Amino acid sequence: MERLKLTEDGSHSLLNSQYNQHYHSVSGALKESRHIYMNLGLIPVLEAAEKPVRVFEMGFGTGLNAFLTWQAADQYQKSILYTGVEAFPVSMEEASQLNYEDVTSFNGFLKLHKSSWFENHQLSEYFTFRKEQLTLQEFSSEELFDVIFYDAFDPKAQPELWTEEILGKIASQTCPGGVLVTYSSKGIVKRALAAAGFSVEKHKGPGKKWHVLKATKI
Ligand SMILES: C[S@@+](CC[C@H](N)C(=O)[O-])C[C@H]1O[C@@H](n2cnc3c(N)ncnc32)[C@H](O)[C@@H]1O
């Protein structure tokens, strides 16, 4: 499969040729997902949680972040309700070539891809999974989320997904004190997040990447 990319930590990623963007850092897809979305974003919230944690992901993509979220729910034995949006789903053929079960020593990866859209799926005692096939611009929800994985392609490829307006929409769906994590630490992203109502902190990035962002809803 020409889109498949082996990243430096031995985990796979994909290339999106329309935007000429990889789905993850080529320095290590798993390393990046664990560093930013798990260790900086989800895990501190999960450790402190006394009720189910609601996670929203912009860009379900390969399902790596969703898979690690499921693994964390089971490991911590704490309930997580995950919702991801994805406008351009990867095919089952592509998903079945990704080596995420091998690199995480965790099973069930393809259940994420085989699950029907727009329905909740109880994939384990602790993990409820939902994905919606639509654009972020079309997404709306009654509920507020505790943790946001903001994993759109780079602002230079998709500037429309990093505006104050769209991040304001995300802010309106984040509970007070909820956290958003993202790999981009560009100035326009920091400013748009601050204008949207988040308090923004820079953190050290994975591997060679200098900085990533964690933003807390005020
Ligand atoms: C950086 S990748 C996400 C990687 C993903 N989190 C993972 O673990 O594999 C960005 C994703 O956003 C999706 N996407 C692009 N534009 C979108 C939009 N307007 N609404 C929803 N998803 C979009 C792409 O198809 C792609 O899957």
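Just give me the residues in segment 93-143 being part of a helix (DSSP H, G or I) and within 15 Å of the ligand (Cβ to nearest atom), in sequence order.
GLU94, ALA95, TYR100, GLU101, VAL103, THR104, PHE109, LEU110, LEU112, HIS113
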Item to complete: For TRP162, work out the one condition from (1) within 14 Å of GLY41 (Cβ to Cβ); (2) without any contact (Cβ under 8 Å) to a residue 60 or more places away in the chain; (3) open to solvent by less than 20 Å² (accessible area, probe 1.4 Å) it doesn't fulfil.
Response: (1)
Worksheet item: If TYR100 satisfies every condition in (1) open to solvent by 20 Å² or more (accessible area, probe 1.4 Å); (2) closer than 16 Å to HIS24 by Cα; (3) within 17 Å of the chain's Cα centre (by Cα) but one, which is the exception?
Response: (1)
Discussion item. What's the number of the only condition in (1) assigned to a helix (DSSP H, G or I); (2) within 14 Å of the ligand (Cβ to nearest atom) that ALA194 fails to meet?
Written reply: (2)
Worksheet item: Looking at (1) part of a strand (DSSP E or B); (2) crowded, with 22+ Cβ neighbours inside 10 Å; (3) among the polar types (S, T, N, Q), which is the only condition THR62 fails?
Response: (1)
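Check whether at least one residue in segment 48-55 is among the charged types (D, E, K, R) and touching a strand residue (DSSP E or B) at 6+ places or on another chain (Cβ under 7 Å), and report yes or no.
Scanning segment 48-55, I find at least one residue that is among the charged types (D, E, K, R) and touching a strand residue (DSSP E or B) at 6+ places or on another chain (Cβ under 7 Å), so the answer is yes.
If you check LEU68 against the conditions, is it open to solvent by less than 60 Å² (accessible area, probe 1.4 Å), within 10 Å of the ligand (Cβ to nearest atom), more than 12 Å from the chain's Cα centre (by Cα) and within 20 Å of GLU101 (Cα to Cα)?
Values: open to solvent by less than 60 Å² (accessible area, probe 1.4 Å): yes; within 10 Å of the ligand (Cβ to nearest atom): yes; more than 12 Å from the chain's Cα centre (by Cα): no; within 20 Å of GLU101 (Cα to Cα): yes.
The answer is no for LEU68.
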Worksheet item: Can you pull out the residues in segment 38-59 that are assigned to a helix (DSSP H, G or I), away from the ligand (no atom under 16 Å from the Cβ) and surrounded by fewer than 20 Cβ atoms within 10 Å (Cβ to Cβ)?
Response: ILE43, PRO44, VAL45, GLU47, ALA48
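The values are calculated or read from the model by the stated rules, or taken from the named source; none is laboratory data. Bear in mind the structure is a predicted one, so any value in this text is a computation, not a measurement. Note: ideal-geometry Cβ built from the backbone for every residue, glycine included; neighbour counts use all protein chains shown. SASA here: full protein model, heavy atoms, side chains in, ligands and nucleic acids out. Shrake-Rupley method; radii C 1.70, N 1.55, O 1.52, S 1.80 Å.
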